[in-house]
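Notes to accompany the following structure.
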Amino acid sequence: MTQAESWTVGRLLQWTTDFLRKHASESPRLDAEVLLAHARGCQRIELYTAFAEEPPEEIKTRFRELVKKRAAGEPVAYLVGTKEFFSLPFQVTRDVLIPRPETEHLVVAVLDLLKSQQEKNQLDGGDIAAAEGAAAASPATKEISLPVRIADLGTGSGCIAITLAKHLPKATITAVDRSEAALEIARRNAQTHGVADRIDFRQSDWLSAFSKETDAHWDIIVSNPPYISQSEFEKLNKSVRDFEPTGALVSGPEGTEDIRKLAEQSSRHLVPGGYLLVELSPMIATQVQAILSTPPWSYVRTIKDLAHLARIAVACYQPDSTPSG
């Protein structure tokens, strides 16, 4: 076989890109690069200086098996065992939902909420210069030092709780999931990112295992709950429908069932003036706003994603607004 006919890194990538495109991959070139880098045990960037190299047979065999599974619909994140979220790598298995860029808006919403609260506290305390300096700081460099208590419900891989712990050094965080297998993945990720000692992992179906009287209440409850209706689920790409945990995706016939449970249970575990932030589908944004506009909830705002679609709902718990009688 001549050099022109050999299966070099460059040729493997080109052939695989064309092959995966025919098998309905939404990002065939990226998939090919990630899988080949994983098979070689290198960073993706290293492939660009190795186009002319022909990998050893064992690497090509490993790569072919990965490509075969990807063509059958298995997500790349499960094949390589990791997914990046907020610039951090998270271990993922089929026990947990794959972290998505849309969910990063949930983290940003919490951080923005706390930045505003911190600046307000500084102004109320008369430290105007400090408040002005804090407001001028960039999101990447400004530290939030509030001693806030946060619960992440349906934590899955732990990406939300762990990212918040990394950005909120004085936060006390509880990560809740009904799946012990998911909690084990979340604990490993917390250990990897050095925040395991600052997160309390609890097994519970939402907050059913928590006592209103004895368990601590939180300032913020955040969740990326199941919000897909059963009919919508049937139309999803097979990479999602056939491989990711259905219980983390499907809420019920309407898609709002779990958010209703969250609203009802969270009202027993938030401090007055505390906040509930949930990710949602644009298809149920109006229904969710109605749920979170009913006392004791006061609807704050809807946050849109980069596609200008409703993605995050923010509501404030105001028990005094509950009608009497």
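Working from label points 7 Å from Cα in the Cα-to-Cβ sense, the K212 to A307 distance is 3.9 nm.
Give me the extension gain from W15 to T246: residue separation times 0.36 nm, minus the current Cα-Cα distance, reported in nm with one decimal.
79.9 nm
For every other residue with a beta carbon closer than 12 angstrom to the beta carbon of R187, add +1 if it is Lys or Arg and -1 if Asp or Glu, then tell me the sum. Mind dumping the intermediate values first?
Values: positive: R188, R202; negative: D177, E180, E184, D197, D200.
Around R187, the charge tally is -3.
In the chain, the calculated helix contribution to ellipticity at 222 nm averages -11500 deg cm²/dmol per residue, counting -39,500 (n - 2.57) for every DSSP H run with n ≥ 4. One way to sum up the overall shape of segment 3-72 is the equivalent ellipsoid from its Cα gyration tensor, whose semi-axes run 18, 12, 12 Å, largest first. Approximating the spin labels as points 7 Å out from Cα along Cα→Cβ, the I59-to-K238 distance works out to 3.1 nm. Segment R44..T294, full-extension length gain: 85.1 nm, with 0.36 nm per residue of separation and the alpha-carbon distance subtracted.
Which loop-located GluC sites (Glu not before Pro) does segment 29-96 contain, where loop means any DSSP state but H, G, I, E or B and the Cβ has at most 16 other Cβ atoms within 10 Å? Display every interim value, and only then the final one.
Working: sites: E33, E46, E53, E57, E58, E65, E84; in loops: E53.
The qualifying sites are E53.
Label-to-label distance, R260 versus Q318, with points set 7 angstrom from Cα along the beta-carbon direction: 2.4 nm. Annotation: the antiparallel percentage among DSSP beta bridges lying fully within the chain is about 45. For K69, list the aspartates and glutamates whose Cα falls under 19 Å from its own Cα; do not include residues on the same chain fewer than 8 positions away. Once the sequence-local aspartates and glutamates are set aside, what remains near K69 is D18, E26, D31, E33, E57, E58, D95, D242, E244.
Here is the link list: K22/K304; K22/K83; K83/K166; K120/K170; K170/K261. Which ones come out longer than 26 Å on Cα distance? The partial results should precede the final answer.
Working: K22/K304 32 Å; K22/K83 24 Å; K83/K166 17 Å; K120/K170 18 Å; K170/K261 29 Å.
Over 26 Å Cα-Cα: K22/K304; K170/K261.
Panel order for T163, T192, by other beta carbons found within 10 Å of each beta carbon, from fewest to most: T192, T163.
Which is the longest part of the chain that has none of the trypsin sites (Lys or Arg not before Pro) sitting in a DSSP loop with at most 11 other Cβ atoms within 10 Å? Longest stretch, sites excluded: 1-169.
No value in this document is a laboratory result; all are computed from the given coordinates. Remember, it's a predicted structure, so these values are computed and weren't measured experimentally. A quick note on method: Cβ atoms are made from the backbone with ideal geometry, for glycine too, and the neighbour counts reach across all protein chains shown.
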